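Reviewing the structure listed below.
The values are calculated or read from the model by the stated rules, or taken from the named source; none is laboratory data. The shown structure was predicted, so the numbers you read here are calculated from the model rather than taken from an experiment. With ideal geometry, Cβ positions are generated from the backbone for all residues, glycine too; neighbour counts draw on all protein chains shown.
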Amino acid sequence: MQLFDFYALNRIQMFEGLKPQIVEIIESNSKDVQTAMQSICEVLRKEISHYDWVGFYFKNGDKRELKLGPYAGEPTDHTIIPFGKGICGQVAESNENFVVPDVQAQDNYIACSITVKSEIVVPLFKNGENVGQIDIDSNTPDPFTEADERFLEFINQEVAKIL
Ligand code: SME
């Protein structure tokens, strides 16, 4: 087996191993989505070495802006992000995953910390509507694979169940 395959397989196994913990958090906090999301942020940041900041943003009422929800990592000034601005604001409009291997190569990017090298944002759908997103910042360059996308889609589907 090639070394690359070995790492890819390990990554998939790590995510599969975390899924039962996520399901358990959702089931035991089904009446308190804020606590569930907070726990998920903390588990992901602790268990996944390339996840340095993990947070949820949600559409702020009827406004065309995102508001920061639960997160784990350094506090950020960017608690409100207008639609279209930064990676998060673009995902609010595109409804698609946005993987950024190198944040410095992005024009429409909102820097939260100088240590951040890469980012992934995955939209969260409730009844087919893009209501928010999970945002991961990494201090590692180009760390995200399709396995991260599938895992974060799973997380958002679980959260949507109790929203
Ligand atoms: N970098 C994001 C802003 C949010 S912070 O990463 C917490 C963006 O460009 O939308």
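Brief remarks on what is shown
- Of the residues making up the range 117-129, those that are more than 14 Å from the chain's Cα centre (by Cα) and touching a residue at least 24 places away in the same chain (Cβ under 8 Å) are LYS117, LYS126.
- Flag for VAL159 being in contact with a helix residue (DSSP H, G or I) (Cβ under 8 Å, 6 or more places away or on another chain) and of a type outside the set (S, T, N, Q): yes
- Exactly one residue out of GLY73, GLY89 is among the small types (Gly, Ala, Ser), under 14 Å from the mean Cα position of the chain (by Cα) and either more than 11 Å from the ligand (Cβ to nearest atom) or on the phi < 0 side of the Ramachandran plot (or both): that is GLY89.
- Qualifying residue in the range 120-128 (condition: touching a Lys or Arg at 6+ places or on another chain (Cβ under 9 Å), closer than 14 Å to TRP53 by Cα and within 8 Å of the ligand (Cβ to nearest atom)): no
- In summary, ALA105 fulfils each of the numbered conditions (1) near the ligand (Cβ under 8 Å from one of its atoms); (2) loosely packed, with under 15 Cβ neighbours inside 10 Å; (3) hydrophobic (A, V, I, L, M, F, W, C) with the single exception of condition (1).
- Test: ASN108 is more than 21 Å from PHE144 (Cβ to Cβ), among the polar types (S, T, N, Q) and modelled with pLDDT of 95 or more: no
- Unique match (being at negative phi, touching a Phe, Trp or Tyr at 6+ places or on another chain (Cβ under 9 Å) and more than 15 Å from the ligand (Cβ to nearest atom)) among GLN38, GLN34: GLN38
- For the range 129-163, the set of residues classified as among the small types (Gly, Ala, Ser) and over 15 Å from TYR51 (Cβ atoms) consists of GLY132, ALA160, listed by residue number.
- Candidate set from the range 136-146 (those that are touching a residue at least 12 places away in the same chain (Cβ under 8 Å) and out of contact with any Phe, Trp or Tyr (no Cβ under 6 Å at 6 or more places or on another chain)); member that is nearest to LEU44 (Cα to Cα): SER138
- Criterion violated by ILE114 - all others in (1) in contact (Cβ under 8 Å) with a residue 12 or more places away in the chain; (2) under 21 Å from SER49 (Cβ atoms) satisfied: (1)
- From PHE83, PHE58, residue being closer than 12 Å to GLY132 by Cα and more than 12 Å from the ligand (Cβ to nearest atom): PHE58
- Failed item in (1) among the small types (Gly, Ala, Ser); (2) surrounded by 18 or more Cβ atoms within 10 Å (Cβ to Cβ); (3) more than 10 Å from the ligand (Cβ to nearest atom), with ALA147 passing the rest: (2)
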